[in-house]
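To keep things clear, I will list the structure first and then write my remarks on it.
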Amino acid sequence: MTAGHILIVGSDRDCPSLVRAQCPDARITVIARLEVVRQIADAETYARVIALPHDQGPSEWVGMSRAVHARDPFDRICTFSERDQDKAAAIGAALGLRTYAPDTVRWVHDKFAMRERLAASGVESTASMRVSGPDDIRRFAERHGYPVVVKPVTGTASSGVSVVRSPQELDDAWRWSSAAELPDFSDLLVEEYLEGREISVEAFSEAGEHRVICVTGKVKDPVHCIELGQMVRGPFSEETRAEAADYAARVLTTLGITDGVTHTELILTAGGPRVVETHLRPAGDEIPEMIRDLYGIDLLDLLVRQSLGNRVLEQVDAGLRTAAKVSQHAAIWFGLPPATGTVTAVRGAAGARGLPGVVAVTVLKEPGDRVVARAGDSLGRIVSARSVADDPFEALRRARAAAESVIFSIDAPAVCGDVPPETGV
């Protein structure tokens, strides 16, 4: 496979290496954030590696890409980095290269813009509002009722998310969301709380046709919505799966998503599915790995092939026919820190890997790492365990048992003060 000169925007998921493997003869230019350039493997094999700051918006990225394009024209643009899809969309529009449309990226990244787009199109009308302080949240809650959800407009990984159930929790929620670390720069959003079970729909699209690969069951922390467990396939009836798949496809079409892998989070409310958010990327939490291991459908490989100009929908459909014959389920469970402090030792991982049905155990925090008991986002988790079983809940129980078998010793500060000196009265 050859593709001339390829511009890759961002470097997530080691996709530059995957593109190189698919197109060994292509010239590749990578443009990425300054802080991630050192992570690019085999950088010397690329035609160019351009490092730029991200906090000035897309204009500098467009200008640099335009300068290279004038001297050595790009034949194709690829992006696999969610954080820099806005830059890729702007570059594509400026150079006339096919990629995500700027409006689509804006609707997906900006959760308030997504709500506005879906409401204007008649898909759903979940109430939401940008907020600048606790008083705005209070007024919204008085109008729409408690609970409400407060979160960054452009956040990821559950960073800064709070469920507010009473006026007494407003100030804490504002401080929590304002301190979110993952958005580069983001306003805060309040929206009505959607009551029901949360799921995610993993899909692959090509030329506007959507294929649902899997409906994933979730277990989340009830206060800050940090994901603790995932089940592939989730324990849902065929009717529920079909309803969720149809609704997710409607959301994708409304947001102008025509190609690529998507990860769409929905709440199964009493009135039907409602969207939380969607992403122009494969899911995290090793969901693509579980799909690959169970069904043989490699979403990342399909995404790379499609990004290089190949039509892959027939391959997706063949994989889905095979997946329909698979009876097993996979699950993953994540452990959270039991205390705040510094990890001094980790033990039990080897034994956990030998438990029935366990596929993998990954220690996410090593000795010397600082951990926080009240984890602020998904990056605060300390261990993950994956397992398989003939029942989704049994797979989840096995994964949780394995994760809980890994013991972390944490040097935590005293909470009761020191013993007083032995002096007389």
Interchain or sequence-distant (5+) residues whose placed amide H lies within less than 5 Å of the amide H of L188 are V131, V153
To the nearest 0.05, the calculated FRET efficiency linking D172 and R130 through their beta-carbon distance, R0 being 25 Å, is 0.80
Interchain or sequence-distant (5+) residues whose placed amide H lies within less than 5 Å of the amide H of V276 are E265, L266, I267
For every helix of n ≥ 4 consecutive DSSP H residues, a contribution of -39,500 (n - 2.57) applies; sum these over the chain, divide by its total residues, and give [θ] at 222 nm rounded to the nearest 500 deg cm²/dmol. -9500 deg cm²/dmol
Pairing the Cα long axis of helix 313-323 with the longest principal axis of the chain, what angle in degrees results, from 0 to 90 and rounded to the nearest 10? 40
Taking θ as phi - 60°, what are the ³J(HN,Hα) couplings along region 76-86 by the Karplus curve (6.51, -1.76, 1.60), each to the nearest whole Hz, with x for Gly and Pro? 7, 10, 10, 9, 10, 9, 4, 5, 10, 5, 5
Between region 123-139 and region 39-79, what is the C-alpha centre distance in whole Å? 38
Helix 392-404: inclination vs the chain longest Cα principal axis, degrees, rounded to 10, gives 60
Where the only charges are on Cβ atoms (+1 Lys, Arg; -1 Asp, Glu), what is the dipole of region 1-132 about its Cα centre, to the nearest 20 debye? 160
State whether the chain is rounded, prolate or oblate according to the following rule on the C-alpha gyration tensor (a ≥ b ≥ c being the square roots of its eigenvalues): a/c under 1.5 gives rounded; otherwise a/b larger than b/c gives prolate, and the remaining case gives oblate. rounded
With a 1.4 Å probe and all protein chains left in place, how much accessible area per residue does the chain have, in Å²? 45
Between A373 and T45, what is the label-to-label distance in nm when each label sits 7 Å out along the Cα-to-Cβ direction? 4.8
Considering Cα pairs under 8 angstrom that are at least six residues apart, work out the relative contact order of region 309-370 and quote it in whole percent. 32
Rounding to the nearest 10 and keeping the result within 0 to 90°, find how far the Cα-based axis of helix 238-254 lies from the longest principal axis of the chain. 60
Could you tell me whether region 105-258 comes out rounded, prolate or oblate from its Cα gyration tensor? Rule is a ≥ b ≥ c as square roots of the eigenvalues, rounded for a/c under 1.5, then prolate if a/b exceeds b/c, otherwise oblate. prolate
What FRET efficiency do you get for S59 and D301 if R0 is 45 Å and r is their Cβ-Cβ distance, rounded to the nearest 0.05? 0.85
Cross-link reach from K220 to lysines, straight Cα distance under 25 Å and at least 8 residues apart if same chain, gives K111, K151, K365
Grab the beta carbon distance between A207 and F393, set R0 = 41 Å, and tell me the FRET efficiency rounded to 0.05. 0.65
Roll a 1.4 Å probe over the protein heavy atoms and report the accessible area of T344 in Å², nearest 10. 80
From the phi of every residue in region 263-270, what ³J(HN,Hα) in whole Hz does the Karplus formula 6.51 cos²θ - 1.76 cosθ + 1.60 yield, where θ is phi - 60° and glycine or proline is x? 10, 10, 9, 10, 10, 8, 7, 4
A67 versus R311, label points 7 Å from Cα toward the beta carbon: distance in nm? 4.0
Check V49: other-chain or 5+ apart residues with amide H under 5 Å from its amide H, H built from backbone geometry? V30
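Top to bottom by accessible area (1.4 Å), largest first, where do Y247, Y193 land?
Largest accessible area first, the residues go Y193, Y247.
Can you tell me how region 240-395 classifies by the Cα gyration tensor, rounded, prolate or oblate, using a/c under 1.5 as the rounded cut?
Values: a/c = 1.87, a/b = 1.59, b/c = 1.18.
It is prolate, given that a/c is not under 1.5 and a/b is the larger ratio.
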In square angstrom, rounded to the nearest 10, how much accessible surface does E198 have for a 1.4 Å probe? 30
With label points built 7 Å along Cα→Cβ from the Cα atoms of R38 and S409, find their separation and express it in nm. 3.0
Over the chain, calculate the relative contact order: mean separation of alpha carbon pairs under 8 Å at least 6 apart, over the residue count, as a percent. 11
Quick one: ranking R115, R165, R305, R233 by accessible area, 1.4 Å probe, largest first, what do you get? R165, R305, R233, R115
Separation of region 223-288 and region 296-374 by C-alpha centroid, Å? 18
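Determine the relative contact order of region 20-133: mean sequence separation of Cα pairs under 8 Å and six or more apart, normalised by residue count, in whole percent.
Computed over region 20-133, the figure is 15 percent.
The values are calculated or read from the model by the stated rules, or taken from the named source; none is laboratory data. Everything quoted here is computed from the prediction, not taken from an experiment. Here the Cβ is made from the backbone with ideal geometry for all residues, glycine too, and neighbour counts use every protein chain on show. Please note that ligands, DNA and RNA were not included when accessible areas were found on the heavy atoms of the full protein model with its side chains. Shrake-Rupley method; radii C 1.70, N 1.55, O 1.52, S 1.80 Å.
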